[in-house]
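K.L.:
First the structure, which I've put down as structure tokens, then a few questions once you've had a look.
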Amino acid sequence: MDNMVMRGALYFFCLVCYNRKNTLFREEKHMKSYQFGVDYYPEHWPKERWVTDAKMMRDMGIQIVRMAEFSWQKFEPREGEFHFEDLDEAIGILAKEGIDVILGTPTAAPPKWIIDLNPEIQPTDWHGHQRFFGSRHHDCQSNPAYRAHIRRFVTAFADHYAKNPAVVGWQVDNELGNSHGDLCYCDHCRDRFQGWLKDKYGAIDELNRAWGTAFWSQGYDDFSSIPAPKITAAWGVNPSHELDWKRFTSDLVCEFHQEQADILRAAAPEKWITHNLMGFSSKPSYYDLGEQLDFASHDQYPGGHFHARHDEYRADFHAAELDFIRAIKQKPFWVMEQQSGITGWDVLGRAPKPGQIPLWAMQSVAHGADTIVFFRWRSCAMGTEQYWHGILPHNGIPGRYHAEISAMMKQYTPLLKEIAGGVPNAEVAILRSYDQERAIGIQPHHPNHRYIQHLMTYYKALHRANIPVDFVGEMHDWSKYKVLIAPLQFLMTEEHLDKLRTYVERGGRLVVTWRSGIKDESNLCHTDGPVPVRFNALTGVTVDEYDCLRDCQGTVRWDGMDYKCSQWCDVLSASTAEPVAEYAHEFYAGTPAITRNQYGRGLTWYVGTTMGDGLADKFIAEICREAAIAPLMATPHGVEAVHRVKDDRTYLFLLNHNESVQTVDVSAEFTPWDGEPWTGEIGPLGVRVFVKG
């Protein structure tokens, strides 16, 4: 026994030393900072052009390039036959110009020969139909044959570039959560789901209880009989089955990423690993995926072709995505794809207006990006993304985008070096929960109700008021925040409720909303009290009934003023809570719509409806006044004020999203960072940075 203990202790000691060694290497590597980079695809262009491209990049101020994330067929044209010569040459050319490289593992686009060998790799949708080769993400992440192909390639890739000093880091796959997550319902996914369920529940009777399978005769005799939740005859799904499926697919994506990350770290522990996340994408939990990353990265396309009305560019939504990405590691991040031109596949977006591309890039910096990597170097002449434009047009001759981005890099590279590591200092947090989002997505109640849209009601009001915001998850420490906004706490466990109670008891101000405390973690309705079950003491209210506002709006009266609300109205009875605002119409006119309840040293606000902009502005002004939270400053509509704090200095960013000059009163304690005189006016689509301290 003593020898076993000694061996175990020695193994643990070695493991700790190994992890510390790897961590120290990664921290040392992070000391080399980058401000600007670009995504580059040399395989799309003649070799004769590569030297020209590298010199042009150097002259612009580009310091790092991402490559290779879609080039598997080029590197391995036949199984086990690897050709990295061209990539070696491209890396060497860039290195001569002082440009470092991020290599992406190209597993988001398996080549045709793999599909020919193993056609079952192609994913199956929820109708039971197979999706086919010809785009990207045409893979089932559960498929054992595909995993074997990945292990073979990534091992060879990592071994080949492990000692190359110009390759400083890896990106695993591409945009997990884009087409991945809940796309594949094949037999391999079903089998893995069954194993996941067995690990979670242990016994089939426990699963039947947790899922409520007594309804519609859905009981299971064995885990092996449980299907993937494909389309049903009556369209309806068991919400507990569906919720566990979404949890499983999130875990699957994270495990898929982990397998590659482990290979890369084993081969090159001194190189960092990141992944280009996609803002509010909900398929995998980015909190979980982020645990595998040295830092988070993000793809940011503010003027994307999917916007119906370009003139209503949503500065607030894209600011929120940036703030959320900062939450993944609770530190600054990279933008791995920053828009550099018109975007679109078959349908295009508007042309970015003069000054807009630098404005968008500096919005990313203002919200916590330490490094901006533009997508892409040159507009591609081939394939699906021919019209997803780059810094250079198709002909390779520099134009307006190149000129604007070059000027911005030269102007702001010193600033990015100076503020690296700095973050906004927020006193308000919004709780973003993947589990709540999944459950609400399964049963949204109102046809127009979306979880992120609901969170944005609060974020937009804070953004309009220039009040800094952090996003947090259930696992984070909330104690530093004066206000925690926790909308739609649909699923409630005792552990989560205790954390919310403790936050309020110790002096926090908590905001909860309609459809909170409704269900347990298995997505079964609580039956042991009135809604909001388990929240009654904390909120001081009960929900007597509720009204889903289909095809109509409601009205809330607060301090004699009427405000619009929508989607839902909880009809409330206040016990210990103080009514703050009331409904003005319908049979529940005069009953509380918004309440405030003293609990311990703190307060809980309950919002029984979805607030319109005017009501949200009133609400945020009131709760921030009560909590002694001041806006950064007052600005005209469309002028965003954001700050980052580094050591004892505060950097204030003014971002004018309007196409006209705006007058802004900046406190005399701030001075222009660039030394240029401040006239009190900021130009159309302009950026100014000020510093204090």
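K.L.:
Among the residues of region 241-252, is any over 24 Å from the mean Cα position of the chain (by Cα) and in contact (Cβ under 8 Å) with a residue 40 or more places away in the chain?
P.N.:
No: zero hits.
K.L.:
Right, here's the next one. Of all residues in region 48-77, which are under 31 Å from the mean Cα position of the chain (by Cα) and in a loop (DSSP other than H, G, I, E, B)?
P.N.:
Once the filter is applied, which keeps residues that are under 31 Å from the mean Cα position of the chain (by Cα) and in a loop (DSSP other than H, G, I, E, B), region 48-77 yields 61, 62, 63, 68, 69, 70, 71.
K.L.:
Of 441, 508, which residue is outside the structural domain of residue 375 (by TED's automatic domain parsing), in contact with a strand residue (DSSP E or B) (Cβ under 9 Å, 6 or more places away or on another chain) and on the phi < 0 side of the Ramachandran plot?
P.N.:
508
K.L.:
Can you tell which of 671, 650, 663 is within 14 Å of residue 466 (Cβ to Cβ) and among the polar types (S, T, N, Q)?
P.N.:
Of 671, 650, 663, the one residue that is within 14 Å of residue 466 (Cβ to Cβ) and among the polar types (S, T, N, Q) is 650.
K.L.:
Also, quick follow-up: Quick one: count up the residues across region 224-254 that are in a helix (DSSP H, G or I) and exposed (fewer than 14 other Cβ atoms within 10 Å of the Cβ).
P.N.:
Of the residues in that region, 2 qualify.
K.L.:
Another question, if that's okay. Just checking, which of 172, 168 is closer than 28 Å to residue 383 by Cα, in contact (Cβ under 8 Å) with a residue 60 or more places away in the chain and crowded, with 18+ Cβ neighbours inside 10 Å?
P.N.:
Just one listed residue meets the conditions, 172.
K.L.:
Right, next: Going through region 119-145 one residue at a time, which ones are surrounded by fewer than 18 Cβ atoms within 10 Å (Cβ to Cβ), free of Cβ contacts under 8 Å to residues at least 60 places away in the same chain and not basic (Lys, Arg)?
P.N.:
The answer is 119, 129, 130, 132, 133, 134, 144, 145.
K.L.:
Out of region 188-241, which residues are over 17 Å from residue 126 (Cα atoms) and among the aliphatic types (A, V, I, L, M)?
P.N.:
197, 203, 204, 207, 210, 214
K.L.:
Out of 467, 452, which single residue is crowded, with 18+ Cβ neighbours inside 10 Å and in contact with a Cys (Cβ under 8 Å, 6 or more places away or on another chain)?
P.N.:
Within the list 467, 452, the selection yields 467.
K.L.:
Could I ask something else about it? Pick out the one residue from 481, 563, 583 that is touching a Cys at 6+ places or on another chain (Cβ under 8 Å) and over 30 Å from residue 242 (Cβ atoms).
P.N.:
Among 481, 563, 583, only 583 is touching a Cys at 6+ places or on another chain (Cβ under 8 Å) and over 30 Å from residue 242 (Cβ atoms).
K.L.:
Here is a follow-up. Does residue 396 qualify as being of a type outside the set (Lys, Arg), surrounded by fewer than 20 Cβ atoms within 10 Å (Cβ to Cβ) and touching a helix residue (DSSP H, G or I) at 6+ places or on another chain (Cβ under 9 Å)?
P.N.:
Against the criterion (of a type outside the set (Lys, Arg), surrounded by fewer than 20 Cβ atoms within 10 Å (Cβ to Cβ) and touching a helix residue (DSSP H, G or I) at 6+ places or on another chain (Cβ under 9 Å)), residue 396 qualifies.
K.L.:
Report yes if some residue within region 445-464 is over 27 Å from residue 626 (Cβ atoms), of a type in the set (D, E, K, R) and not in a helix (DSSP H, G or I); otherwise report no.
P.N.:
Scanning region 445-464, I find at least one residue that is over 27 Å from residue 626 (Cβ atoms), of a type in the set (D, E, K, R) and not in a helix (DSSP H, G or I), so the answer is yes.
Residue by residue, here is whether (1) within 30 Å of residue 537 (Cα to Cα); (2) charged (D, E, K, R); (3) in contact with a His (Cβ under 8 Å, 6 or more places away or on another chain); (4) surrounded by 15 or more Cβ atoms within 10 Å (Cβ to Cβ) holds:
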| position | (1), (2), (3), (4) |
| --- | --- |
| 611 | yes, no, no, yes |
| 618 | yes, yes, no, yes |
| 633 | no, no, no, yes |
| 642 | no, no, yes, yes |
| 645 | no, no, no, yes |
| 662 | no, no, no, yes |
| 671 | no, no, no, no |
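K.L.:
Suppose we filter 191, 221 for residues that are assigned to a helix (DSSP H, G or I), surrounded by fewer than 22 Cβ atoms within 10 Å (Cβ to Cβ) and modelled with pLDDT of 95 or more; which single one remains?
P.N.:
Checking each option against the conditions leaves just 191.
K.L.:
Collect the residues in region 127-169 that are touching a Ser or Thr at 6+ places or on another chain (Cβ under 7 Å) and over 21 Å from residue 250 (Cβ atoms), keeping them in residue-number order.
P.N.:
Within region 127-169, 130, 135, 154, 157, 169 meet the criteria.
K.L.:
Still on this model: Do you know which of the residues in region 522-547 that are among the hydrophobic types (A, V, I, L, M, F, W, C) and surrounded by fewer than 17 Cβ atoms within 10 Å (Cβ to Cβ) is farthest from residue 512 (Cα to Cα)?
P.N.:
Once the filter is applied, the top-ranked residue is 524.
K.L.:
May I pose another question? Given the conditions (1) of a type outside the set (A, V, I, L, M); (2) surrounded by fewer than 20 Cβ atoms within 10 Å (Cβ to Cβ); (3) closer than 23 Å to residue 510 by Cβ, which single one is not true for residue 447?
P.N.:
(3)
K.L.:
Return the total of residues in region 366-412 being among the hydrophobic types (A, V, I, L, M, F, W, C) and more than 24 Å from the chain's Cα centre (by Cα).
P.N.:
12
K.L.:
Report those strands (runs of 3 or more DSSP E) wholly inside region 503-594 carrying at least 1 residues which are within 30 Å of residue 434 (Cα to Cα) and of a type in the set (Phe, Trp, Tyr).
P.N.:
It comes to 541-558, 561-574.
K.L.:
Also, quick follow-up: Report the residue count in region 613-646 for those that are over 20 Å from residue 318 (Cα atoms) and in a loop (DSSP other than H, G, I, E, B).
P.N.:
6
K.L.:
Kindly list the number of the only condition in (1) without any contact (Cβ under 8 Å) to a residue 24 or more places away in the chain; (2) part of a helix (DSSP H, G or I) that fails for residue 394.
P.N.:
Only one criterion in (1) without any contact (Cβ under 8 Å) to a residue 24 or more places away in the chain; (2) part of a helix (DSSP H, G or I) is unmet by residue 394, namely (2).
K.L.:
Answer with yes or no whether residue 605 is assigned by TED's automatic domain parsing to the domain that holds residue 479, in a strand (DSSP E or B) and farther than 24 Å from residue 624 by Cβ.
P.N.:
When the stated conditions are applied, residue 605 does not pass them.
K.L.:
Hey, among the residues in region 420-434 that are within 15 Å of the chain's Cα centre (by Cα) and buried (at least 21 other Cβ atoms within 10 Å of the Cβ), which one's nearest to residue 482 (Cα to Cα)?
P.N.:
This residue is 430.
The values are calculated or read from the model by the stated rules, or taken from the named source; none is laboratory data. Given the structure is predicted, the values throughout are model-derived calculations rather than measurements. Neighbour counts are summed over all protein chains in view; Cβ atoms, including those assigned to glycine, are modelled from backbone coordinates with ideal geometry.
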